[in-house]
Each structure stands twice: as C-alpha cells, then as structure tokens.
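Please treat every number below as a calculation from the coordinates, not as lab data. Worth saying up front: this structure is predicted, and the values here are computed from it rather than measured. In this analysis, Cβ positions are derived from the backbone assuming ideal geometry, glycine residues included, and neighbour counts consider all displayed protein chains.
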Amino acid sequence: MPRGRVTTATCGCGAALRDGDCLCPATPLAQLIGRRYALGLLSLIANRRTIRFTELRSRLGDVSSSTVAARLSDLEKAGLIARTVYPETPPRVEYSLTPRGRELCGILTDFLRRGRR
C-alpha cells in the first residue's frame, strides 16, 4: 500500500514526490560539503573539541594554506564551524563545531552507517 499521496514539488523542480518532500532546499548544503576538503575538515574538527589551523592543514596532507582557509571560511559562513581568535602574539586561531555543525556531523555519520548495511 503506497504511503502518502504523490504531488509535484512546489520549488519548481517538477519532481513527483510522495508526501511533498523535496530535496531541492538541500542543494546548497550538498554543494558546500561536496567541495574538496570540506568533509575532511568537518571530520577533523568533529574529532576534537578545538583544533588550530596548522594542525588542520598538516592532517589534510598536500593542500595549500589558501585552500584550507577558503574552505574553513565557507564552513564558517554556513554556520557549521566557529572561528575563535585569541589576542596573542603570534595570533592563535582555533576552530570548533557549532551546534548546527554537530547536528550535521551526526546526520552524516548516521547516513554513512546506513550505507554500510
């Protein structure tokens, strides 16, 4: 017996949907986490309470500082990570997950576990 009724998405994608669930609103998030090094950075930050830029860069391997900085900036703008700058000499910058970032990592972990079944 089919669950719910089939309708057309209201976002304009034209998809035939069951119960009106359209994935189109998730497109910007999928594009962000699909960028090179984004998931790696989220994973590294999730596995620590806080982590510094130099440690992130070294753990990612052969990647430029500008690429790491750009990806961290993208993740920060999306509200997934927090950047804390300490007024020291030399400056110390640490990254941590925001509540939204922790929620996303939990969803991604569950998604991965389901995919392994």
For the list (1) free of Cβ contacts under 8 Å to residues at least 60 places away in the same chain; (2) buried (at least 16 other Cβ atoms within 10 Å of the Cβ); (3) among the hydrophobic types (A, V, I, L, M, F, W, C), I need the number of the one condition that residue 26 fails. (2)
Please state which of the following conditions residue 109 fails to meet, knowing it meets all the rest: (1) loosely packed, with under 12 Cβ neighbours inside 10 Å; (2) more than 19 Å from residue 36 (Cβ to Cβ); (3) free of Cβ contacts under 8 Å to residues at least 12 places away in the same chain. (1)
Take the conditions assigned to a loop (DSSP other than H, G, I, E, B), in contact with a helix residue (DSSP H, G or I) (Cβ under 7 Å, 6 or more places away or on another chain), without any contact (Cβ under 8 Å) to a residue 60 or more places away in the chain and surrounded by 14 or more Cβ atoms within 10 Å (Cβ to Cβ) and apply them to residue 68. Does it pass? no
